[in-house]
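Taking it in order: structure first as structure tokens, then the write-up.
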Amino acid sequence: MIKRLTRITCRQAHVLLSERMDRPLSPLGRYRLYLHLKACDLCSRVDRQFDLMRRAVRRLGE
Ligand SMILES: [Zn+2]
């Protein structure tokens, strides 16, 4: 049951990743995303790209 609650699709993972660009995720959202990224190569690549973008945006703001 817990597994079903925490398992998300790639689509949902992408939504969480882009939400994370704007505001911090809820603990449950973060946990779900973390579990998904651990299991999914594709989304962990997307996660790295978002991370690079966040860093670039932060540098622009300085
Ligand atoms: Zn995925």
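The values are calculated or read from the model by the stated rules, or taken from the named source; none is laboratory data. All values reported here derive from a predicted model rather than from experimental measurement. FYI the Cβ positions are ideal-geometry reconstructions off the backbone, even for glycines, and counts take in every protein chain you see. Please note that ligands, DNA and RNA were not included when accessible areas were found on the heavy atoms of the full protein model with its side chains. Shrake-Rupley method; radii C 1.70, N 1.55, O 1.52, S 1.80 Å.
Starting from the Cα-Cα distance between Asp41 and Val57, subtract it from 0.36 nm times their residue separation and give me the gain in nm to one decimal. Numbers along the way, then the final one.
Working: separation 16, 0.36 × 16 = 5.76 nm, distance 2.45 nm.
Working it through step by step, the gained length comes to 3.3 nm.
Take the chain, connect every pair of alpha-carbon atoms lying under 10 Å apart with a spring to form a Gaussian network, then pick out the residue of Arg20, Arg11, Arg30 with the largest mean-square fluctuation. Taking springs between Cα atoms under 10 Å, the residue moving most is Arg11.
For segment 21-30, 3J(HN,Hα) computed residue by residue from phi via the Karplus equation (6.51, -1.76, 1.60; θ = phi - 60°) reads 5, 9, 8, x, 7, 5, x, 5, x, 4 Hz, glycine and proline entered as x. The chain has equivalent-ellipsoid semi-axes of 24, 13, 8 Å, by the square roots of 5 times the alpha carbon gyration tensor eigenvalues, sorted largest first. Apolar share of the accessible surface for the chain: 57 percent from carbon plus sulfur atoms, 1.4 Å probe. Local charge for Val57 was computed over the other residues whose Cβ lies under 13 Å away, with Lys and Arg +1 and Asp and Glu -1, and equals +2. Dipole magnitude for the chain: computed about the Cα centre from +1 point charges on Lys and Arg Cβ and -1 point charges on Asp and Glu Cβ, it is near 180 debye. Spin-label pair Arg7-Ser26: with each label point 7 Å from Cα along the Cα-Cβ axis, the two points sit 2.1 nm from one another.
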